[in-house]
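Everything below concerns the one structure shown next.
Every read-out reported here was derived from the displayed coordinates using simple, explicitly stated rules and does not represent laboratory data. Everything quoted here is computed from the prediction, not taken from an experiment. Virtual Cβ from ideal backbone geometry, glycine too; neighbours counted across all protein chains shown.
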Amino acid sequence: MDQIRVLILAAGKGTRMKSAKAKVLHQVGGATLLEHVLRAAENIGEALIVAGHQADKLKRLLPEERFVIQHEQLGTGHAVMMAREALAGFSGNLLVLPGDVPLVRPETLNNFIAFHNSGKYSASVLTADIANPFGYGRIVRRGDAEVDSIVEHRDASSEVLRITEINSSIYVFQTAALFEALQSVSNANSQSEYYLTDVIGILTGLGRRVGAFKAPNPSEILGINTRQELTTIDLYLRRQKNESLMAGGVTLMDPESTFIDFDVQIGPDTILHPSVQIERGSVIATDVTIRSFSRITNCRIGARSKILEGCILTDTDIGEDVSVGPFAHLRMGTVLEDTVKVGNFVEVKKSRLGRGTKSGHLAYVGDATVGANVNISAGVITANYDGKNKHQTHIGDDAFIGTNSTLIAPVRVDSGAFVAAGSTITHDIPAEALAIARERQVVKPDRAPHRKK
Ligand code: UD1
Ligand code: CA
């Protein structure tokens, strides 16, 4: 195998996006454009990234040493020049990818690299014939065989504009030939930029051979320059994801309103009702039901569990045969063991609820460990925050927390203990004890008619 490294161009602002955010950080299918490109190339070789605009934010994705910085964005050719030092002494091939082409598949890249190697080209371009080539660089061939050069849309004559074979901005170069040719690239063009595309004409002018490999599926190499293109490609990825889930046995009642991120896994016989969003990192088992208007982010949900309408679940692990919602909010590392029931208007934060525990209505459970078969009645609050610090509540197995009780943390209610309704609990309760912490009721006979006067 010939040695190969990967260079991703991601320094541009993406002016046409009209965004404060660097273009490659916009998302499609639940991942940034840059992450998609990195994934496509991950098995080919270690990627070096040319960053510039919002480089600090890009650097959160990979270790520092994988970046070179282009301080001023003077064009794609200039961007590649920034990697010269980092690649000094490397004599293999360089796969160059733009950061804004998220649909390209690893198979296509592998076939393209094989084409380059078998043709012994100095450079190869991945191209495609597309119906609307507006805005793309055009592949100019000599006769209909050899590649001559690439001409940018803005700099093209009307004759060249009729060419429908476009430059994807994905190339393989012999690294030495690339950096040698880059020295001759000028910025004498409509944008006063140093174009990487000019390297192709420079190499052929020196008598070097350049190959062009047509992508089998032109939509794979679509670039994203505008919000319209961002949404088009997002919807395309969503549709692909939905179709692969349905092929795997998942029911999507309304695929059009179902948004599932690229890495989400869902087992067969799970049913997703209309208007459900399942975001990154989520793994849903078999025979799960998820009802409308629920958003699930980075959660694990066990078999046969039911998520009813309008739930927001984030970073939560849910066991088997659990019922959640409607209108529940679970977050920050919450764990619900098997057969737990969390009902309407219940929020659970950073807490574990043991097997069979129930919190049916209107409760807040935060920073708590709750044992098995506990009953948390309506209106129960763990008062976990004293204005400065968060404190833990511990509730043992089989405890019963009566309606409208406040547990002022830190506090322990041991197993089998019973908290009477309306109590404000400030002291630990031993196992099997009954705690009542409320005013005694006063009954004044015959006083009611008097009060109405
Ligand atoms: C480029 C190609 C064009 C091709 C098209 C395919 C050039 C001159 N043109 O045009 O032939 O058809 O891609 O999508 O190469 N970038 C930098 N630094 C810069 C400029 C750009 O890192 O100074 C990065 C951008 O972040 C982006 C990529 O290079 O990820 C492509 O740049 P972009 O401005 O989108 O090029 P296009 O106009 O699309
Ligand atoms: Ca582009």
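Summary table
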{"quantity": "Packing-based order for 423-431, 94-102, using average beta carbon neighbours within 10 Å, highest first", "calculated": "94-102, 423-431"}
{"quantity": "Placed amide H near Thr314: partners under 5 Å, 5+ positions off or other chain", "calculated": "Thr297, Leu330, Arg331, Met332"}
{"quantity": "Over the stretch 161-319, relative contact order from alpha-carbon pairs under 8 Å, at least 6 apart, %", "calculated": "11 percent"}
{"quantity": "Sequence-separation-based contact order of the chain, relative, with Cα cut under 8 Å and 6+ spacing, percent", "calculated": "8 percent"}
{"quantity": "Cα centroid separation - the stretch 125-160 against the stretch 173-222, whole Å", "calculated": "12 Å"}
{"quantity": "Förster-model FRET efficiency, 22 Å R0, Ser219 and Ile44, C-beta, rounded to 0.05", "calculated": "0.55"}
{"quantity": "Distance between modelled label sites at Gln191 and Leu235, nm, 7 Å Cα→Cβ extension", "calculated": "2.7 nm"}
{"quantity": "Rounded to 5, percent antiparallel among DSSP beta bridges of the stretch 68-212", "calculated": "85 percent"}
{"quantity": "DSSP beta bridges in the chain [antiparallel fraction, %, rounded to 5]", "calculated": "20 percent"}
{"quantity": "Karplus 3J(HN,Hα) series, Hz, for the stretch 17-24 with 6.51 cos²θ - 1.76 cosθ + 1.60 (x for Gly, Pro)", "calculated": "6, 6, 9, 6, 8, 4, 4, 5"}
{"quantity": "Fully extended contour minus Cα-Cα distance, from Ala420 to Thr286, at 0.36 nm per residue", "calculated": "44.3 nm"}
{"quantity": "Normalised contact order of the stretch 360-430, rounded percent, pairs of Cα under 8 Å and 6 or more residues apart", "calculated": "28 percent"}
{"quantity": "Global geometry of the stretch 184-228, whether rounded, prolate or oblate, following the gyration tensor of its Cα atoms and the 1.5 cut on a/c", "calculated": "oblate"}
{"quantity": "Label point distance in nm, Ala20-Asn389, each placed 7 Å from Cα along Cα→Cβ", "calculated": "3.7 nm"}
{"quantity": "Order by protection proxy (mean Cβ within 10 Å, highest first), peptides 185-191, 64-70", "calculated": "64-70, 185-191"}
{"quantity": "Packing-based order for 393-400, 232-239, using average beta carbon neighbours within 10 Å, highest first", "calculated": "393-400, 232-239"}
{"quantity": "Distance in nm between pseudo-label sites at Ala433 and Arg209 (7 Å out along the Cβ direction from Cα)", "calculated": "8.9 nm"}
{"quantity": "At least 15 Å along the helix axis (C-alpha) and Kyte average at least 0.5, DSSP helices within the chain", "calculated": "none"}
{"quantity": "Unit Cα scatterers, Debye sum, the stretch 91-182: log10 I(q)/I(0) for q = 0.22, 0.23 Å⁻¹", "calculated": "-1.24, -1.31"}
{"quantity": "The chain shape via C-alpha gyration tensor axes, a/c threshold 1.5", "calculated": "prolate"}
{"quantity": "Antiparallel content of DSSP bridges confined to the stretch 1-110, in %, to 5", "calculated": "10 percent"}
{"quantity": "Prolate/oblate/rounded call for the stretch 307-407, Cα gyration tensor, a/c under 1.5 rounded", "calculated": "rounded"}
